[in-house]
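Asker: Here it is, the structure, as structure tokens.
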């Protein structure tokens, strides 16, 4: 197998004013959930598959116990405002070199189809098991800022403080070198769990940008299940804090007794 192999499933694809959306696995799988939901709800057509030895060395096993080599895929979603070239997949690169090579390939393909705007989707970790429907933005061209604010995207000075790691960030930097406008849209998430609720908030912004009506029912069902898990985690956390408080109180009592 080649270092990176592209399997073309459909040739001669013509796109109308295309926009590139990237939703690969990442923090809370927020971007992945949104992009996959768009692909499903908009009856997208798969146009190619990408295989690479920069992906983790594994296969995935389906419900029939059949194995499949990990891959990323590109789909075309047709909308009245723009055609969407959507990148979804099983993994990001497992190496720094692979990130650069794969992102360069993604941009080569995007330019081949005439893309002039890119949205990378991801999650912004808060470290808190509390929900916020904020969507944080970062851009490679400040011209985009005011436009995205109109759709509800929030911009905070020097945030994310540690930068944006992986394809979601790297594509912004590399696309700027190619004079392609790009933005990263991040749903706030704890960073501990798959977060369909944060994905819902991000999907609402995407729906406004593309002026489309997307059924969020499947994400809502997953969000309800996740809320139950989060509630249980919070309960355990409170019990642990109470236990620590009791232990510290006992220690203080012991110290006073000794004193």
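Just so it is clear, none of the values below were taken in a lab; they were calculated from the coordinates. This structure is a prediction, so every number in the text was calculated from the model and none was measured. Cβ: placed from backbone, ideal geometry, glycine included. Neighbour counts: every protein chain shown.
Asker: Cut-off 12 Å, label point 7 angstrom out along Cα-to-Cβ of residue 8: give me the residues of the stretch 67-110 whose amide nitrogen falls inside.
Answerer: Counting only backbone N, you get no residues.
Asker: Taking Rh as the Kirkwood radius computed over C-alpha pairs, what is the Stokes-Einstein D of the chain at 10 °C in a medium of viscosity 1.306 mPa s, expressed in µm² per second? Mind dumping the intermediate values first?
Answerer: On the way: Rh = 19.9 Å.
Diffusion coefficient, whole number: 80 µm²/s.
Asker: Moving to a separate point now. Which of the peptides 69-75, 147-153 is most tightly packed, and how do the rest follow, going by the mean number of other Cβ atoms within 10 Å of each residue?
Answerer: Output ranking for 69-75, 147-153: 69-75, 147-153.
Asker: If you take the square roots of the eigenvalues of the alpha-carbon gyration tensor of the stretch 120-218 and sort them as a ≥ b ≥ c, do you get rounded (a/c under 1.5), prolate (a/b over b/c) or oblate? Intermediate results must be reported in sequence, preceding the final value.
Answerer: Numbers: a/c = 1.77, a/b = 1.23, b/c = 1.43.
Judged from the Cα gyration tensor, the stretch 120-218 comes out oblate (a/c at least 1.5, b/c at or above a/b).
Asker: What ranking, highest mean first, results for peptides 154-164, 128-138 when packing means the other Cβ atoms within 10 Å averaged over each residue?
Answerer: On the way: 154-164: 11.1, 128-138: 17.5.
By packing density, highest mean first, the sequence is 128-138, 154-164.
Asker: Let me understand the stretch 48-129 better: what is its radius of gyration from the alpha carbons, and its Dmax, in angstrom?
Answerer: Considering the stretch 48-129 through its Cα atoms, Rg and Dmax are 15.3, 42 Å.
Asker: Roughly speaking, what is the centre-to-centre gap between the stretch 150-210 and the stretch 61-78 when only Cα atoms are used, to the nearest Å?
Answerer: 24
Asker: For the stretch 25-56 and the stretch 89-125, what is the separation of their Cα centres, given in Å?
Answerer: 11
Asker: Ordered by packing density, taken as the mean number of other Cβ atoms within 10 Å over each peptide's residues, highest first, how do 54-67, 21-34 rank? If you can, show how the numbers build up before the last one.
Answerer: Values: 54-67: 10.5, 21-34: 26.7.
Order by mean packing, descending: 21-34, 54-67.
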